[in-house]
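**Student:** One structure, as structure tokens, below. Some questions next.
The values are calculated or read from the model by the stated rules, or taken from the named source; none is laboratory data. Everything quoted here is computed from the prediction, not taken from an experiment. Note that each Cβ is placed from the backbone with ideal geometry, even for glycine, and that neighbours are counted across all protein chains shown. In case anyone asks, the SASA skips ligands and DNA or RNA and just uses the protein heavy atoms, side chains included. Shrake-Rupley method; radii C 1.70, N 1.55, O 1.52, S 1.80 Å.
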Amino acid sequence: MNRLAEIFSEQGELITHDGTYQNELETIKVIRVLPVHKRQRFNRLSTQLLEDLEQPQDRQKCAERSRSLREEGNRVYKTKSSKNNADQAECLLSACRLYTQAVLEAETAFDELCLSFANRGMALQDYGYYEQAYDDCVCALEFGYPKKLQHKLIMRQAHCAWKLGDAKKLGEHLACLEQLQLNPSYCQKLEELQQQLKMLQGSQKAESTQELQKLTGDTHKISMDSSTRGRYMIATKRLSEGDIIFTEQADCFVPIEQRLICQKCAASLLCAPIPCPQCHQRVVYCSRRCRDLHKYIHSYECAAYRKDLLIMLGVSHLAMRLLLTYLPDWLPQLRSASNAQELWHRLMQMAATDANCSPAPQSLQSMGMLTHLDKLPPAELAYHSLCANLLQVYLFKCTHFYDQLSSSGSTASLEDWHLIVAALILRSAGQLLVNAHVGNAISLCSLPANEFPLLQPALWQGPHHLRRGCLHKFAQSTLQTAINLPYLSLCNHACAPSIHTRFDGCVVSNFATRPIEAGEEIYNCYTLDYRNSMCAQRRQQLESIYKFTCCCDKCLRVQPDQDYLKFHRYRCERTQCGKSFVPNQSSLSWWLQPDGNGGICCSACQTPQLTTWYDQFLALLEHCHESEARRNLYKAFDNLNNWLLDYHSLKLSLANELIVACFAVKEDGVTLDDLDYGQLARIIDFQLAGTAAQYGINSLEYMTKLTHLFDLIAWGKHKCSVPQLKTMRAALNNLPSETKVIFVNYYNDFIEQLCKFD
Ligand SMILES: C[S@@+](CC[C@H](N)C(=O)[O-])C[C@H]1O[C@@H](n2cnc3c(N)ncnc32)[C@H](O)[C@@H]1O
């Protein structure tokens, strides 16, 4: 990162902006029309940086690391025959995990890569992940699996095809095997599968055609205001709380902080990640299908991943992805433009037509998104321009992206295209600064970045079926994607939003958070909402990033912070006072500050608060493994009620620490008794009610807190009534599909039958 900052600083000194902003093309021109000596220096700096960032692969080392992991996997795999069913599942998953590491480490050592895929396919098949096992066989063949052993893989593919009920594929693989000389045991397997094929063919049903979800219904329309509010969304009929308003599937997203999620569909729970072997384990896919669908985009990003360039460039990475995705579609319409000016003019015309055609393709919706680049401070504008320029140089020097521009029949010169490519990246970056969204998902707590949740042997008893008591491991929601959703971006901001957005990978559904009348505006919230932030804090963010002053109902109230401060009320420790108070704003979260108790004072009598109750609580937490300390801890938790009012954020945070600590000591082998479980259930209930007040019961935050209660129920240590149970089951429908499967399986495996007899 320092290297990038150095280069940008030196490049920044070479260019002089006159301070006026016209558009992205003119801004980029300033860089590209420097006097010759400056221009040469400027370009050398970009080229040098791209060369310096190259990280060569040591194929031999990759092969050694991969082989050793695969051999370890083989050792583990072989022990399965001596195990009972449960241990066998654990052993298979351990092997899958090791083979996965071997697949990742192999990189371009293809001899090793194909063997690791083949072995992982075998373990995945035994475990019951047939789709992934099938894909692994194809990958092994693709990367050069030895010809004389290929019949093994074809047999495995046939087996998986049978398990997946795919008669067509099964038939093809069997036809291929019938041509080969097989040993008796393989001949027998072949006969068995031939029988299965006959049965499968007999029972084939007509394939159901999947209905595509409607992007927009008749719930709303887009209106336009000539003021700074611009376009906005209004309801066209009365909507009830929970009604779906619209769904949108993003064409473009990028993983945040280079998370290893599927680059095509944003699936985050992978059991058989398929990496790109070229870019140092930076990019993975959940399936071959996703890998193939993303091949075109990745062909232009691969070298940048290999150099670790993209992680340095923040929003410009997503901006480049928009360019890579959309520019090829626009080329036919740009053919007649003979210079940069004409190209830009044509592109801006296309962006403007979007407003009149509904619904426009996502490419044009994206082109038409609002930007505030004209209002950016000069240093920020210069930074984004340099990022755009660097990516343009990268695309030209390190990829074949420009081939399609020259072969498109365009009469514009190469220099014109340099300008346009950089200007489009700058434009998208500017748009994304005010329009990009961040997608979240439930994730496994404290898992290293290169590990995969579905491959943790201690957690699973079968594919997508957790072991009893393991759901709380998913008590975490994480930001996963920076995602472009141009339709959702048409919603203006209010601090109490009327929509709730649910991310399911790159499919995003928006629901009414409360009843919305016909004709009422539908609002999103760009910041933390009014319950989770101070008005001044939001205002500052909205003014600096989004360039407007919020005048929503919540901000215009006499006491705009009343809902947030509800989570920060104390009772004064001085007996003579005993009043409830909210401390000074700067010390609202004093316990998170590095100097610890920087001191809060009662705002009524100015008495400094000793907060010994807090220190006592933390001291007891340290001894949570001792039964006596836990009893005192529950009392100390109740004692907090004297000083922390309502759903105080500190009390909610301490509730969480207590719950997490008790679950951790149980995992370490400490026996909790009925009193422990009773107290824990009570504290979890408090936490759930507080989380519902802060974030709502449809939030992922709420779902993650529910995991602890589900585990108590699954252990038979807590019972709840049938209506409560029904509510919890219904809440699972709010989950993204990949976690919903896991939570619903858990509910069916461990909870439903326990509570039937209530
Ligand atoms: C994500 S866009 C929303 C759609 C935008 N109105 C448009 O025409 O494309 C965000 C921008 O809309 C404007 N905006 C959003 N909410 C607003 C509000 N409550 N009051 C005034 N302007 C708002 C601001 O210019 C903000 O930067």
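Table: residues versus (1) more than 33 Å from the chain's Cα centre (by Cα); (2) modelled with pLDDT under 95.
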| residue | (1), (2) |
| --- | --- |
| Gly19 | yes, yes |
| Ile31 | yes, yes |
| Leu34 | yes, yes |
| Ser46 | no, no |
| Gln60 | yes, no |
| Ser66 | no, no |
| Thr79 | yes, yes |
| Ala89 | no, yes |
| Ala106 | no, no |
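**Student:** Can you tell me which residue within region 557-578, out of those that are open to solvent by 50 Å² or more (accessible area, probe 1.4 Å) and not β-branched (Val, Ile, Thr), is farthest from the ligand (Cβ to nearest atom)?
**Tutor:** Gln576
**Student:** I'd like to verify a number: residues in region 393-411 that are in contact with a Phe, Trp or Tyr (Cβ under 9 Å, 6 or more places away or on another chain), closer than 28 Å to Ala352 by Cβ and either within 16 Å of the ligand (Cβ to nearest atom) or touching a residue at least 12 places away in the same chain (Cβ under 8 Å) (or both), how many?
**Tutor:** 5
**Student:** State which residue is nearest to the ligand (Cβ to nearest atom) when the search covers only region 214-268 and only residues that are polar (S, T, N, Q) and touching a Phe, Trp or Tyr at 6+ places or on another chain (Cβ under 9 Å). Reasoning before the result, please.
**Tutor:** Residues of region 214-268 that are polar (S, T, N, Q), as a first pass: 216, 219, 223, 226-228, 236, 240, 247, 249, 258, 263, 268.
Retained after the next criterion (residues that are touching a Phe, Trp or Tyr at 6+ places or on another chain (Cβ under 9 Å)): 216, 219, 223, 228, 258, 263.
Values: Thr216: 16, Thr219: 18, Ser223: 10, Thr228: 5, Gln258: 26, Gln263: 25 Å.
If we take residues in region 214-268 being polar (S, T, N, Q) and touching a Phe, Trp or Tyr at 6+ places or on another chain (Cβ under 9 Å), then Thr228 is nearest to the ligand (Cβ to nearest atom).
**Student:** Just checking, how many residues over region 522-556 are within 9 Å of the ligand (Cβ to nearest atom) and within 24 Å of Lys237 (Cα to Cα)?
**Tutor:** 3
**Student:** Continuing with the same structure: Please pick out the residue among Leu680, Leu620, Leu672, Leu652 that is assigned to a loop (DSSP other than H, G, I, E, B) and open to solvent by less than 60 Å² (accessible area, probe 1.4 Å).
**Tutor:** Of Leu680, Leu620, Leu672, Leu652, the one residue that is assigned to a loop (DSSP other than H, G, I, E, B) and open to solvent by less than 60 Å² (accessible area, probe 1.4 Å) is Leu672.
**Student:** Looking at (1) within 16 Å of the ligand (Cβ to nearest atom); (2) touching a residue at least 40 places away in the same chain (Cβ under 8 Å); (3) farther than 18 Å from Phe253 by Cβ, which is the one condition that is false for Pro497?
**Tutor:** Going through the list (1) within 16 Å of the ligand (Cβ to nearest atom); (2) touching a residue at least 40 places away in the same chain (Cβ under 8 Å); (3) farther than 18 Å from Phe253 by Cβ, Pro497 breaks only (2).
**Student:** In region 693-731, how many are within 19 Å of Leu658 (Cβ to Cβ) and free of Cβ contacts under 8 Å to residues at least 40 places away in the same chain?
**Tutor:** Number satisfying all stated conditions: 4.
**Student:** Check Ala518 against each of (1) within 17 Å of Tyr695 (Cα to Cα); (2) open to solvent by 40 Å² or more (accessible area, probe 1.4 Å); (3) small (Gly, Ala, Ser) and name the one condition it does not meet.
**Tutor:** That leaves (1) as the condition not met.
Condition check ((1) touching a strand residue (DSSP E or B) at 6+ places or on another chain (Cβ under 6 Å); (2) part of a helix (DSSP H, G or I)) across all residues:
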| site | (1), (2) |
| --- | --- |
| Arg468 | no, no |
| Pro486 | no, no |
| Phe511 | yes, no |
| Ile545 | no, yes |
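**Student:** I'd like the full set of residues that are farther than 13 Å from Leu376 by Cβ, assigned to a helix (DSSP H, G or I) and not basic (Lys, Arg), limited to region 16-31.
**Tutor:** Leu25, Glu26, Ile28, Val30, Ile31 - these are the residues of region 16-31 that are farther than 13 Å from Leu376 by Cβ, assigned to a helix (DSSP H, G or I) and not basic (Lys, Arg).
**Student:** Would region 352-374 turn up any residue that is closer than 26 Å to Phe42 by Cβ, away from the ligand (no atom under 15 Å from the Cβ), part of a helix (DSSP H, G or I) and of a type outside the set (Gly, Ala, Ser)?
**Tutor:** We begin by selecting, within region 352-374, every residue closer than 26 Å to Phe42 by Cβ; these are 371, 373-374.
After this cut, where a residue has to be away from the ligand (no atom under 15 Å from the Cβ) as well, the list is none.
Checked region 352-374: no residue is closer than 26 Å to Phe42 by Cβ, away from the ligand (no atom under 15 Å from the Cβ), part of a helix (DSSP H, G or I) and of a type outside the set (Gly, Ala, Ser).
**Student:** Output yes when any residue across region 173-194 is acidic (Asp, Glu) and not in a helix (DSSP H, G or I), and no when none is.
**Tutor:** The answer is no; no qualifying residue exists.
**Student:** Separate question: Tell me, which residue of region 444-493 that is open to solvent by less than 20 Å² (accessible area, probe 1.4 Å) and among the β-branched types (Val, Ile, Thr) is nearest to Val508 (Cα to Cα)?
**Tutor:** Ile483
**Student:** Please list, ordered by first then second residue, the pairs with beta carbon atoms under 7 Å, 6 or more apart or interchain, first in region 282-297 and farther than 12 Å from Cys262 by Cβ, second part of a helix (DSSP H, G or I).
**Tutor:** Listed by first residue and then by second, the contacts come to Arg282/Gln258; Arg282/Tyr305; Ile297/Arg321; Ile297/Leu324; Ile297/Thr325.
**Student:** Further question: Please tell me if Ser240 is among the hydroxyl-bearing types (Ser, Thr, Tyr), modelled with pLDDT of 85 or more and surrounded by fewer than 13 Cβ atoms within 10 Å (Cβ to Cβ).
**Tutor:** Yes.
**Student:** Something else about it: Based on what the data block shows, is Thr607 of a type in the set (Ser, Thr, Tyr), open to solvent by 70 Å² or more (accessible area, probe 1.4 Å) and either touching a residue at least 60 places away in the same chain (Cβ under 8 Å) or farther than 29 Å from Pro497 by Cα (or both)? Spell out how you get there, then give the answer.
**Tutor:** Working: of a type in the set (Ser, Thr, Tyr): yes; open to solvent by 70 Å² or more (accessible area, probe 1.4 Å): no; either touching a residue at least 60 places away in the same chain (Cβ under 8 Å) or farther than 29 Å from Pro497 by Cα (or both): yes.
The answer is no for Thr607.
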